[in-house]
Amino acid sequence: MKFFNSGEWKTLWPFYLYHLIIGSFFMIMPFFVIFFNTVGLTYKQISMLFAILFISPTIFEIPTGAFADAYGRKFSVIVGDFFFGLALFLIPLIKNYSGLILLFLLWGLSSSFTSGADSAWVIDLLKHKKQNKLTHNYFVKIRSIASFGAIVSGILGSILVKFYGLNIVWYVSGVAIMFSTIFLWFLSEEYFKRKKHTFKDLTKETFNNFKVSIPYGLKHPVLLYLILGGFFVMLSAMGDVAWQPYFKDVGIPVYFFGYIFSGAALIVIGLPFLAKPLLKKFKKEKYYLSALTIFYAIVLLSVYFIFSPILAVVAFILTSFPFELKGPVEETYFQKFIPNKIRASVGSVKSMILRIGGGISLLIGGYLADLVGPRMVIVYSGFFILPGIIFYLMIKENK
């Protein structure tokens, strides 16, 4: 069986290589919390950096989404990733907390240029090429490609940390992300008609897209509940500040964390391909998304009983399952209800709301980690996501 359908590689190869490079060399996450912990930051301070990363793009999300709609997704994504890579590269060079806050604000700004714009770029390209049927395949394959890359990045990260220390992962990740945009230059937007705008025109168009996108997303009987369900699932982000110190507490050495992330990526690499067959079993997206959220909550709550290193790793890997199985279905389903002209802007509204949820939960998680310890933070996150199940079930597609 061929991995790529007819014409798929020819159309989408820059995106696939772009995701492969980022996935293979973005090796920060297994060591994120421990890195900042070793330089003297408390869990509260680390969670504040995380929260800035989640919440700061909300300031820029709508304008940058509208900018992508007005001036092209290609420019938006490339500029965003350049500053993303630059921020990562500079982080280990900064020795004071205020400087770190500024770099995390830059990181948040850069991510707002890419969120929404990257998906909208692919979807509009496929529509232009009359290859709409490849949309689901694309969202499935970029997750598998990212998982394959994560296998490489986890192993490479562990090796580099063991021999060169924690700083090296920031430098390599930053350079790789800036390099990855080279592949996107090969992809044109010949279907996109660029207009000459003054700053006043851009401001007006941004405001108009803002006015249309938010009410459209928040009044739609499907998009609204997808966003709300996703918001509560994002509250599990409080565990992001807890998993690494939890691993350390159960006796796993720090350099080994990358191997854990690689193992998780290897196990879940094929899961996105099961999303479509599993969806058929549930018949409707809302039941499928609800079931995966229930599974996710059970895994998080089970950590209360886990003190073994092996079982801790198993629980961590199982938390990846819902995201790998949800992603292709939820993203395709969400995009199905959005008009082309405001696609990037509505995607930005969704990202904005989810980031607020993630930021709030991280602030709570940092406070709780200092108060009750990392393990209990993971357990509490299982309770926080339960309302997401209800909102997924409230989806009313027939309207």
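The values are calculated or read from the model by the stated rules, or taken from the named source; none is laboratory data. Computed from a predicted structure; not experimentally measured. Quick reminder, even Gly has a Cβ in these numbers, built from the backbone with ideal geometry, and neighbours come from all protein chains shown.
How about the range 1-98: which helices (runs of 4 or more DSSP H) wholly inside it have at least 2 residues that are at pLDDT below 80 and under 30 Å from residue 368 (Cα atoms)?
57-71
Conditions: (1) out of contact with any Ser or Thr (no Cβ under 9 Å at 6 or more places or on another chain); (2) part of a helix (DSSP H, G or I); (3) more than 19 Å from residue 315 (Cβ to Cβ). Residue 229 meets all but one. Number of the miss?
The single condition residue 229 does not satisfy is (1).
Here is a check on your reading of the model: is residue 251 on the phi > 0 side of the Ramachandran plot and in contact (Cβ under 8 Å) with a residue 40 or more places away in the chain?
yes
Return yes or no: is residue 125 over 21 Å from the mean Cα position of the chain (by Cα), buried (at least 20 other Cβ atoms within 10 Å of the Cβ) and touching a residue at least 24 places away in the same chain (Cβ under 8 Å)?
Numbers: over 21 Å from the mean Cα position of the chain (by Cα): yes; buried (at least 20 other Cβ atoms within 10 Å of the Cβ): yes; touching a residue at least 24 places away in the same chain (Cβ under 8 Å): yes.
For residue 125, the condition - over 21 Å from the mean Cα position of the chain (by Cα), buried (at least 20 other Cβ atoms within 10 Å of the Cβ) and touching a residue at least 24 places away in the same chain (Cβ under 8 Å) - is met.
Select, from 287, 296, 259, 304, the only residue that is among the hydroxyl-bearing types (Ser, Thr, Tyr), within 23 Å of residue 383 (Cα to Cα), in a helix (DSSP H, G or I) and in contact with a Ser or Thr (Cβ under 7 Å, 6 or more places away or on another chain).
296
Could you figure out which of (1) in contact with a helix residue (DSSP H, G or I) (Cβ under 9 Å, 6 or more places away or on another chain); (2) surrounded by fewer than 19 Cβ atoms within 10 Å (Cβ to Cβ) isn't true of residue 264?
(2)
If I ask for residues that are in contact with an Asp or Glu (Cβ under 9 Å, 6 or more places away or on another chain) and either without any contact (Cβ under 8 Å) to a residue 40 or more places away in the chain or assigned to a helix (DSSP H, G or I) (or both), which ones from the range 112-122 would you list?
Result: 112, 113, 114, 117, 119, 120, 121.
With (1) at negative phi; (2) modelled with pLDDT of 85 or more as the list, and residue 340 as the residue in question, which single condition is left unmet?
Every listed condition holds for residue 340 apart from (2).
Could you please find all residues in the range 255-288 being under 23 Å from residue 138 (Cα atoms) and in contact with a Lys or Arg (Cβ under 6 Å, 6 or more places away or on another chain)?
Of everything in the range 255-288, just one residue is under 23 Å from residue 138 (Cα atoms) and in contact with a Lys or Arg (Cβ under 6 Å, 6 or more places away or on another chain), namely 272.
Name the single residue that is modelled with the lowest pLDDT among those in the range 363-399 being charged (D, E, K, R) and over 28 Å from residue 56 (Cβ atoms).
By that ranking, first place goes to 399.
Mind checking which helices (runs of 4 or more DSSP H) fall wholly inside the range 308-399 and carry at least 3 residues that are among the hydrophobic types (A, V, I, L, M, F, W, C) and either out of contact with any Leu (no Cβ under 7 Å at 6 or more places or on another chain) or buried (at least 24 other Cβ atoms within 10 Å of the Cβ) (or both)? Before the answer, list the steps.
Details: elements: 309-318, 320-335, 343-372, 374-384, 386-393.
Result: 309-318, 343-372, 374-384, 386-393.
Would you check if residue 172 is of a type in the set (Val, Ile, Thr), part of a helix (DSSP H, G or I), at pLDDT below 90 and at negative phi?
So residue 172 does not fit the description; no.
Determine, yes or no, whether residue 338 is over 14 Å from residue 232 (Cα atoms) and in contact with a helix residue (DSSP H, G or I) (Cβ under 6 Å, 6 or more places away or on another chain).
yes
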